[in-house]
Amino acid sequence: MIDKFPPALLYHKVSPRGEIGVTWVKPDAFKRQMETIAEAGWSTILPGEDADTKQFLLIFDDGYECIYKYAYPVLSQLDFKAIVFIPTGYIGSTNDWDYQLFGRRFAHLSEAMLVELSKAGWMIGSHTVSHVDLLQLSNSQLEDEIAGSRSRLQDLTGQGIEWIAFPFGRYNQRVMDVAVNKGYTGAVAPVYRPDIVIPEGFNLIVADAVYLWSAIGLIERILRRDNGYRIHRKFQKLVNGSSYGTIIWKRLFSSNK
Ligand SMILES: [Zn+2]
């Protein structure tokens, strides 16, 4: 089932500043990764487009400012386009939704940066309004998170917002159904769930996260989907399980906000 999706690389932060988590990549490593992929003949497509051979999706979750600073210039040089998923309640603000060790906060993209990326041909997607665990919300809260982020991004960029990524990769049938009802045509998730019915005409893309230590060799195996790729998928399930730790942590230390 997963092999029917085009290969998709998912990044979070591209930053020289470290943090405790594993979902960040240093700018020089990111540059090397993208240049190596380009030299091997790969190019990017955007969600909803049909992939040719050697085409892949490049995805950024959370919409950090560092994407604009460190990833965008590299990608422009290579003529690569990406989709970036934005939690709209944090545009121009810092990542208070995430747990913080040692008080480290990361800035999100500003309105102006978002508009520039959109004009440069990047696709903008919704990552809800407040980056909360959607499974915990009432129906009306869920609808507000999913529809509110879409209309804000449409107003801001003038782009039709058709894709959503669920915070912490957490979704169920109810979340999926609301996304469909609110006009999305597709979702990106880190894990495929065979128990969830995906409505006709809706697309789900399963993306492979790139971690701090991901070597170019592994990234190429992900793109080609050969040896080592399935082990990576198993590891990703583990990390996705631990991203739920962020939610628990935040509940325990919510005074930290
Ligand atoms: Zn996120």
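Worth pointing out:
Conditions tested, residue by residue: (1) within 14 Å of the ligand (Cβ to nearest atom); (2) more than 18 Å from the chain's Cα centre (by Cα); (3) among the charged types (D, E, K, R).
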residue	(1), (2), (3)
70	no, no, no
113	no, no, no
128	yes, no, no
144	no, yes, yes
165	yes, no, no
177	no, yes, yes
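- Close pairs (9 angstrom Cβ cut-off, 6 or more residues apart or separate chains): closer than 19 Å to residue 65 by Cα and touching a residue at least 60 places away in the same chain (Cβ under 8 Å) in region 24-41, β-branched (Val, Ile, Thr) and in a loop (DSSP other than H, G, I, E, B) anywhere: 25/210
- Pairs linking a residue in region 137-159 that is touching a residue at least 24 places away in the same chain (Cβ under 8 Å) to a residue that is surrounded by fewer than 17 Cβ atoms within 10 Å (Cβ to Cβ) and of a type in the set (S, T, N, Q), with Cβ atoms under 8 Å and 6 or more positions apart or on different chains, are 153/159.
- Qualifying positions in region 70-89 - of a type in the set (A, V, I, L, M) and either more than 17 Å from residue 165 (Cβ to Cβ) or outside any helix (DSSP H, G or I) (or both): 74, 75, 78, 82, 83, 84, 86
- The residues on offer are 226, 177, 208, and the sole one that is out of contact with any helix residue (DSSP H, G or I) (no Cβ under 8 Å at 6 or more places or on another chain) and at pLDDT below 90 is 226.
- The single condition from (1) in contact (Cβ under 8 Å) with a residue 40 or more places away in the chain; (2) exposed (fewer than 14 other Cβ atoms within 10 Å of the Cβ); (3) out of contact with any Leu (no Cβ under 9 Å at 6 or more places or on another chain) that residue 13 fails is (2).
- If only residues of region 6-64 that are closer than 16 Å to residue 83 by Cα and small (Gly, Ala, Ser) are counted, the one that is nearest to the ligand (Cβ to nearest atom) is 63.
- Qualifying residue in region 88-98 (condition: in contact with a Phe, Trp or Tyr (Cβ under 6 Å, 6 or more places away or on another chain), more than 12 Å from the ligand (Cβ to nearest atom), modelled with pLDDT under 95 and not polar (S, T, N, Q)): no
- Residue-level check: of (1) crowded, with 19+ Cβ neighbours inside 10 Å; (2) at pLDDT 95 or above; (3) within 22 Å of residue 27 (Cβ to Cβ); (4) polar (S, T, N, Q), residue 77 misses just (1).
The values are calculated or read from the model by the stated rules, or taken from the named source; none is laboratory data. Remember, it's a predicted structure, so these values are computed and weren't measured experimentally. Counting neighbours? That spans all protein chains shown, and the Cβs are built from the backbone with ideal geometry, glycine included.
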